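Q: Please see the structure below; I have some questions.
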Amino acid sequence: MKLLTVNFLTCSNKSCSSTAEAFPLKIEDAKLAIQQMELKPEFLRNIIPRVDWNALLISTRQLGNNSLPEEKPELTEESDEVLLKSLHNVLLETEITEAKMTCGNCGHIYPVFEGIPNMLLSEEEI
Amino acid sequence: MPIYLLHLASTHADFHIPELETLAKIESISYRWVKPSCIEESSELQENSIGDYPREKPVYPINHANATTLNPFLLVELDDDASASKWVRRSIFCKNIYELYGFADTFESLHDYLSKLPSPPWLQYQKDTSYKFTFETFGTRRTMEEQLSIINDFGYMKLEGLVSMKRPECIFTLLENRSKDIEGPKLYFGRWCGGSSRDAVDKFDLKRRNYIGITSFDAELSLITAQMAMAMPGKLIYDPFVGTGSFLYTCSYFGAFTMGSDIDGRQMRGKGGKSIRSNFTQYQLAGSFLDVFTGDVTNCPLRENFLLDAIVCDPPYGVRAGAKKIAKSSSGSSTPNQLNSNSTSHYPKLEQYQISDMVFDLICFAAKHLADYGRLVLWLPTITEEYSVEDIPRHPCLSLIYNSVQPFTHWSRRLLTFERLPRSETQNVSLEFLEKASKAPSHHDFRRKYFMGAHRTT
């Protein structure tokens with residue numbers, strides 16, 4: 001699972017999803033891998049405005065990465081490649097292969113296994 | 001403005017115009033349909049079956065019904081060659097586009113018309129341009145000798161450039177239609193301006209796909225699904241019923257980043273090194289794959305304010321999955337319920353969900369998560385006898401822009417394309433009256449009806 005995707009996911013439990021504690025899910029016991037990908041500036045320009053920057057900073061720090069700027073960068077056609085590359089590296093090339101993601105509200109643990117998170121609730125939680 | 005001839009595939013006619021209109025939007029092409037029958041019907045053209053069609057003649061917006069499997073030719077007015085080739089370059093249903101020089105029912109009238117043109121459109125290619133002639137025939141064949149003799153009859157074009165079979169700068173094409181079923185002129189003559197992406201149908205052929213499953217979706221229709229979603233570089237597209245990923249590959253093929261989820265994680269993971277991921281590698285599209293996750297659409301883990309450019313899906317309506325279950329129980333292994341409780345993963349309600357309820361949940365999800373003008377592209381099965389337009393799900397924030405049908409014997413599959421209205425226009429829309437349809441739509445209880453129908457016909 002790419003770090004970008006972590007930024008889109010929250011607790012599946014409807015009573016948690018509106019609470020501040022549920023997002024971002026807390027990442028623990030993570031195994032990381034770097035998967036090289038072709039840089040696609042057009043996609044970054046489109047997707048960065050939709051990223052919750054504060055949540056992203058929290059997630060990257062949980063993984064021990066402090067390379068991102070405090071403020072969300074505004075990407076334009078002229079954005080310099082160093083910035084694009086660092087965003088690309090963090091958001092798309094960083095793969096979480098194994099992890100536990102915990103909801104800060106209800107405590108549900110969502111496992112990530114072989115790079116695929118399981119976001120299903122148990123029968124009782126529905 | 002010059003007139004161009006589109007040569008379309010003979011499959012899935014109902015999807016041709018929606019595709020071309022969508023491509024015009026993607027590529028910012030302006031066009032006007034031209035109807036050859038209007039030209040033929042006009043009285044001053046009776047003596048000469050070809051008209052001076054381009055400029056003075058009325059141009060009619062074409063009826064969608066005109067593009068049929070029986071009529072693979074469409075005429076259209078475009079700015080220039082560049083627009084023509086750009087328009088169809090990523091098309092699935094268009095084969096080629098030509099600048100039209102003339103059309104007629106006989107060779108005599110075609111040559112009569114072309115040889116008398118005061119300023120022939122091929123003048124600029126007369127001197128130093130290498131060229132060749134090609135033939136497209138329907139309902140007939142032309143031997144090499146006949147082809148040569150036909151080419152010689154075009155001697156009045158006075159082409160002085162070299163003939164090049166491999167890399168001609170200019171390709172003149174005669175499209176000959178001798179099929180009794182195809183309406184319209186028998187002969188079209190023009191200059192080739194561009195090809196399409198129809199070879200992608202072959203590229204994504206399920207027979208050569210590394211990992212497929214029982215619900216893998218036909219290549220051609222997966223490509224049109226991506227087309228209708230306006231998949232292109234920069235976009236993020238999501239399939240909430242991803243299965244073995246059929247739509248992800250085609251959306252990524254057109255440059256979009258793709259993400260999918262499914263309630264059944266086993267299909268996505270695959271086994272023995274074969275999975276959605278290995279298919280992305282096979283197609284060399286791994287650079288456009290975001291992620292898949294196990295998830296339930298009714299308890300969706302995507303955060304509230306997260307926006308997608310398009311949603312594509314073929315919701316599970318129980319036919320193929322149902323067939324699988326029957327096979328299991330007949331072999332005496334276990335019922336679906338026992339399977340669920342024995343498994344470590346959870347398979348909650350969705351299986352028991354009525355497709356009509358699921359479709360309703362889906363459009364509400366789309367209204368929330370689509371960016372302005374983003375598209376929901378949804379396959380919906382309907383029982384042909386019972387279908388009525390009220391079956392199409394509605395939402396005040398979504399506008400239905402296309403409804404194309406793939407007919408089978410007693411049921412049909414519809415590809416519905418919705419566009420998210422801009423939020424500036426829907427801020428005050430009341431969702432209070434948004435309720436599930438009072439009358440059960442024809443896709444309600446689809447699985448039972450499908451098997452009843454199958455029983456009836458056998």
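Q: Got a sec? Which of B:Thr384, B:Thr409 is over 27 Å from B:Thr426 (Cα atoms), in contact with a Phe, Trp or Tyr (Cβ under 7 Å, 6 or more places away or on another chain) and not aliphatic (A, V, I, L, M)?
A: After ruling out the rest, the residue left standing is B:Thr384.
Q: Looking at (1) on the phi < 0 side of the Ramachandran plot; (2) facing chain B (nearest Cβ under 9 Å); (3) of a type outside the set (A, V, I, L, M, F, W, C); (4) over 13 Å from the mean Cα position of the chain (by Cα), which one does A:Asp80 not meet, given that it meets all the others?
A: That leaves (2) as the condition not met.
Q: Go through the stretch B:115-135 and give me each residue that's in contact with a Cys (Cβ under 9 Å, 6 or more places away or on another chain) and among the aromatic types (Phe, Trp, Tyr).
A: Our first condition is that a residue be in contact with a Cys (Cβ under 9 Å, 6 or more places away or on another chain); within the stretch B:115-135, this holds for B:122, B:125, B:129-132.
Listed by number, the residues that qualify are B:Trp122, B:Tyr125, B:Tyr131.
Q: Restricting the search to the stretch A:93-126, which residues are surrounded by fewer than 21 Cβ atoms within 10 Å (Cβ to Cβ), within 11 Å of another protein chain (Cβ to nearest Cβ) and touching a Pro at 6+ places or on another chain (Cβ under 7 Å)?
A: Once the filter is applied, which keeps residues that are surrounded by fewer than 21 Cβ atoms within 10 Å (Cβ to Cβ), within 11 Å of another protein chain (Cβ to nearest Cβ) and touching a Pro at 6+ places or on another chain (Cβ under 7 Å), the stretch A:93-126 yields A:Asn118, A:Glu123, A:Ile126.
Q: What do you reckon, is B:Leu370 in the same structural domain as B:Leu221 (by TED's automatic domain parsing), closer than 30 Å to A:Phe113 by Cα and modelled with pLDDT of 65 or more? Give the steps one after another, and end with the answer.
A: Numbers: in the same structural domain as B:Leu221 (by TED's automatic domain parsing): yes; closer than 30 Å to A:Phe113 by Cα: yes; modelled with pLDDT of 65 or more: yes.
The answer is yes for B:Leu370.
Q: Looking at B:Phe306, B:Phe293, which is the one that is in a strand (DSSP E or B), at the interface with another protein chain (Cβ under 7 Å from one of its Cβ atoms) and out of contact with any Gly (no Cβ under 7 Å at 6 or more places or on another chain)? I'd like the intermediate steps shown before the answer.
A: Working: B:Phe306 fails: in a strand (DSSP E or B).
Only one candidate passes the filter, namely B:Phe293.
Q: A follow-up question, please. Using beta carbons and a limit of 7 Å, which pairs, at least six apart or on different chains, have the first residue in the stretch B:158-176 and outside the structural domain of B:Lys116 (by TED's automatic domain parsing) and the second one part of a loop (DSSP other than H, G, I, E, B)?
A: Within 7 Å, no pair qualifies.
Q: When B:Gly332 is evaluated against the numbered criteria (1) within 9 Å of chain A (Cβ to nearest Cβ); (2) modelled with pLDDT under 90, which criterion, by number, is the only one it fails?
A: Unmet for B:Gly332, out of (1) within 9 Å of chain A (Cβ to nearest Cβ); (2) modelled with pLDDT under 90: (1).
Q: Moving on. Within the stretch A:21-56, track down each residue that is part of a helix (DSSP H, G or I), among the β-branched types (Val, Ile, Thr) and within 11 Å of chain B (Cβ to nearest Cβ).
A: Residue satisfying the conditions is A:Ile47 alone.
Q: Considering each of A:Ser18, A:Ser12 in turn, give the residue that is among the small types (Gly, Ala, Ser), crowded, with 17+ Cβ neighbours inside 10 Å and facing chain B (nearest Cβ under 10 Å). Reasoning before the result, please.
A: Numbers: A:Ser18 fails: crowded, with 17+ Cβ neighbours inside 10 Å.
The match here is A:Ser12.
Q: Name the helices (runs of 4 or more DSSP H) wholly inside the stretch B:164-278 in which the number of residues that are within 30 Å of A:Asn46 (Cα to Cα) and more than 18 Å from the chain's Cα centre (by Cα) is 2 or more.
A: Values: elements: B:200-203, B:219-228, B:246-253, B:265-269.
Here the list reads B:265-269.
Q: Quick check on this structure: which one of B:Pro240, B:Pro316 is more than 10 Å from chain A (Cβ to nearest Cβ), touching a Gly at 6+ places or on another chain (Cβ under 9 Å), at pLDDT below 95 and crowded, with 18+ Cβ neighbours inside 10 Å? Full working, then the answer.
A: On the way: B:Pro240 fails: at pLDDT below 95.
Just a single option satisfies the conditions, and that option is B:Pro316.
Q: Determine which member of the set A:Ser79, A:Ser59 is in contact with a helix residue (DSSP H, G or I) (Cβ under 9 Å, 6 or more places away or on another chain), within 14 Å of A:Val112 (Cβ to Cβ) and either of a type outside the set (A, V, I, L, M) or outside any strand (DSSP E or B) (or both).
A: Numbers: A:Ser79 fails: within 14 Å of A:Val112 (Cβ to Cβ).
Exactly one of A:Ser79, A:Ser59 is in contact with a helix residue (DSSP H, G or I) (Cβ under 9 Å, 6 or more places away or on another chain), within 14 Å of A:Val112 (Cβ to Cβ) and either of a type outside the set (A, V, I, L, M) or outside any strand (DSSP E or B) (or both), namely A:Ser59.
The values are calculated or read from the model by the stated rules, or taken from the named source; none is laboratory data. Since this is a predicted model, take the numbers as computed values, not measurements. Heads up, the Cβs are rebuilt from the backbone with ideal geometry, glycines too, and the neighbour counts pull from every protein chain shown.
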